[in-house]
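This report concerns only the one structure given below.
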Amino acid sequence: MSFSLQKDKRGVMVVGVDGQLIVGNRQELKQKVLDSLDSGARKFVIDFTKTGYIDSSGLGVLVSLSKKIREQGGDLRLAGLNEDLQTLFELTKLDTLFAIAKTPEEALGAF
Amino acid sequence: MTTPLQLEVRRPAGEFDVVMTLDVPSALEYVGPAVELIARHAPASLSARRVRFNLRTALAEALANAIAYGNRHDTSRVVRVRVEADWQGVRIHVRDDGAGFDPAAVPDPTLPQNLEREVGRGLFVLRHLVDHVAFNAAGNEICLTLRAG
């Protein structure tokens, strides 16, 4: 499991989540995104194309990051959720809190 | 993570085809490896998709709750996992040494006032991912049932 950060040509930070986002690694993701926010990035896409599962701690860290990014005038979008992960966001009603795109490209195009 | 996880797999004559036991130290970095270890030995009666998502997520929730709220990160304590599998599916027992809790007292995380809270979704998520959830009377052991399919 690992996280990758890449800045696209328009300056949007694309964060890839490889494997899982759970209680054991959520802090690592949080710190990476917050460091990037501190460095001036304001637009973020979290790409779940390669993600197997997310637990409630992972969901919690996304909620927290979304708030912090909004407080700085930025925007966080999610992309690449498979059917199971999409269902997870729907049943927790977090699909109402996040802008969710089918693909990272679609999310990038929406900024 | 310094203590290696040791999964014991037995094929007892009797009620279950396979019984697995695992002691997990009470530190959150063990959750992911413990989940992977058990998922790799999941019975064939569960579909690959249910193992990949439902079993992994539900077990991660149960372990995290037991470590954080049950054993309160006390590394001198372990969380005991027992997995019973047969053709009908799998039952996973997760037990901590804590005082237990009242599952009915956990607030609904989907209410508008709770939606932006960082914590409080674990039990709700868990209930939706497995076929049955049961607690012992003391509230320090949860049993998750995933039926075959």
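The values are calculated or read from the model by the stated rules, or taken from the named source; none is laboratory data. Just so it is clear, the structure is predicted and the values come from calculations on it, not from any experiment. No Cβ is skipped: glycine too gets one built from the backbone with ideal geometry, and neighbour counts run over all protein chains shown. Side chains are part of the model used for accessible areas, which takes the heavy atoms of the whole protein and leaves out ligands, DNA and RNA. Shrake-Rupley method; radii C 1.70, N 1.55, O 1.52, S 1.80 Å.
Residue count for the stretch A:1-33 satisfying the condition of being surrounded by fewer than 22 Cβ atoms within 10 Å (Cβ to Cβ) and within 14 Å of chain B (Cβ to nearest Cβ): 9. I need the full set of residues from the stretch B:2-30 which are open to solvent by 90 Å² or more (accessible area, probe 1.4 Å) and without any contact (Cβ under 8 Å) to a residue 12 or more places away in the chain, in order please. Within the stretch B:2-30, B:2, B:4, B:10, B:11, B:13 qualify. Candidates in the stretch A:50-93 are the residues that are in contact with a Ser or Thr (Cβ under 7 Å, 6 or more places away or on another chain) and assigned to a helix (DSSP H, G or I); of these, the one that is surrounded by the most Cβ atoms within 10 Å (Cβ to Cβ) is A:59. Looking only at the stretch A:11-24, which residues are out of contact with any strand residue (DSSP E or B) (no Cβ under 8 Å at 6 or more places or on another chain) and not small (Gly, Ala, Ser)? Within the stretch A:11-24, just A:23 meets the criteria.
Can you give me the number of residues within the stretch A:12-42 that are closer than 16 Å to residue B:33 by Cα and acidic (Asp, Glu)? The number of residues fulfilling the criteria is 1. I'd like the residue in the stretch B:15-65 that is of a type in the set (Lys, Arg) and within 12 Å of another protein chain (Cβ to nearest Cβ) and, out of all such residues, is farthest from residue B:82 (Cα to Cα). Taking the candidates together, the pick is B:49. Among the conditions (1) under 27 Å from residue B:101 (Cα atoms); (2) charged (D, E, K, R); (3) more than 13 Å from the chain's Cα centre (by Cα), residue B:8 misses just one, which is (1).
Would you confirm whether or not the stretch A:65-81 contains a residue that is polar (S, T, N, Q), out of contact with any Pro (no Cβ under 6 Å at 6 or more places or on another chain) and facing chain B (nearest Cβ under 8 Å)? There is no residue in the stretch A:65-81 that is polar (S, T, N, Q), out of contact with any Pro (no Cβ under 6 Å at 6 or more places or on another chain) and facing chain B (nearest Cβ under 8 Å).
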